[in-house]
1. Take the residues of the range 78-101 that are surrounded by 14 or more Cβ atoms within 10 Å (Cβ to Cβ) and either of a type in the set (Asp, Glu) or at pLDDT below 85 (or both): which is farthest from the chain's Cα centre (by Cα)?
2. If you scan the range 49-77, which residues turn out to be assigned to a loop (DSSP other than H, G, I, E, B) and either within 30 Å of Glu98 (Cβ to Cβ) or of a type in the set (D, E, K, R) (or both)?
3. Can you pull out the residues in the range 50-71 that are within 13 Å of Leu81 (Cα to Cα) and modelled with pLDDT under 85?
4. Identify, by number, the condition in (1) of a type outside the set (Lys, Arg); (2) modelled with pLDDT of 75 or more; (3) over 29 Å from Arg95 (Cβ atoms) that Asp30 doesn't meet.
5. What residue, of Asn86, Asn78, is polar (S, T, N, Q) and touching a Lys or Arg at 6+ places or on another chain (Cβ under 6 Å)?
Amino acid sequence: MSPEPTNVNTSIQAAIQSLLSAIKDAAQLDVETYLYYVDKAANDPEQGKKVAQTQLLIDGDSNLWVPVKDAKGEIAINQELFDLHNQNVEKAAQRRSELLETAKGLVGALKDLLE
């Protein structure tokens with residue numbers, strides 16, 4: 001027995017919406033690193049200060065805001081903070097890659113369904 005057309009259409013529409021959502025989510029990846037003092041922020045991370053940010057776009061462009069400190073009139077990168085931020089960027093990029101693979105699988109499933 002074949003599924004009813006209404007159920008198939010509903011399934012296809014839901015799959016397309018999931019795919020569009022995944023593509024939208026993957027189009028721009030923003031990673032922000034915040035610093036806050038526990039005793040001063042009352043354990044509220046929202047009271048933190050953004051100290052690093054990376055933005056990766058689907059077309060390969062990227063923007064990076066690097067934490068720096070002024071060492072006697074010279075700008076120096078706060079390497080520990082930058083390393084921590086980069087670890088988070090790598091994890092987020094991996095998750096985005098997994099999301100894109102899921103979207104790719106969904107496209108394949110839609111293609112099979114429509115054939």
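1. Within the range 78-101, the match that is farthest from the chain's Cα centre (by Cα) is Asn78.
2. Of all residues in the range 49-77, those assigned to a loop (DSSP other than H, G, I, E, B) come to 58-61, 66-67, 72-73.
Residues satisfying the conditions are Ile58, Asp59, Gly60, Asp61, Val66, Pro67, Lys72.
3. If the condition is that a residue be within 13 Å of Leu81 (Cα to Cα) and modelled with pLDDT under 85, then Lys50, Val66, Pro67, Val68, Lys69 are the ones that fit.
4. For Asp30, the exception is condition (3).
5. Asn78
The values are calculated or read from the model by the stated rules, or taken from the named source; none is laboratory data. This structure is a prediction, so every number in the text was calculated from the model and none was measured. Cβ sites come from the backbone with ideal geometry, for glycine too, and all protein chains shown count toward neighbours.
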